[in-house]
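Visitor: The structure follows.
The values are calculated or read from the model by the stated rules, or taken from the named source; none is laboratory data. Please read these numbers as outputs of a predicted model, since none were measured by experiment. Please note: Cβ atoms are built from the backbone with ideal geometry, for glycine as well, and neighbour counts cover all protein chains shown.
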Amino acid sequence: MDEEKQQGENKTAENTGEGNQPKTPKVIDDSNKAAERLEEANAKREALLEREEALAAHKQLSGEAEAGITPKKLTEDEKWAEDAKKRYAGTGLDPTDDETPTTYG
């Protein structure tokens, strides 16, 4: 038993496998932790982007893509002017031109 007791007392870092092991510097550990946090944040952002895309597609298919904006309502004169411009396009005539005199002389 004396030998067993003596061997137990003689245990050092060399014979337990705990000696001179390479240690990673604190900077590397910190950067690894930061990289892990970035990966987690990127995964969450990706999930949010997918959700936003799905909502945008749903809005577009349901006709709510413009967030309730109503189209500008034209007056009767504006409708006539727009229609006249289409009708006379390419002829060189423009009945809506404000510079054209309506009377001569």
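Visitor: Of the numbered conditions (1) modelled with pLDDT of 85 or more; (2) exposed (fewer than 10 other Cβ atoms within 10 Å of the Cβ); (3) among the charged types (D, E, K, R), residue 14 fails exactly one; give the number of that condition.
Guide: (1)
Visitor: Looking only at region 75-104, which residues are at pLDDT 85 or above and part of a loop (DSSP other than H, G, I, E, B)?
Guide: The answer is 75, and nothing else.
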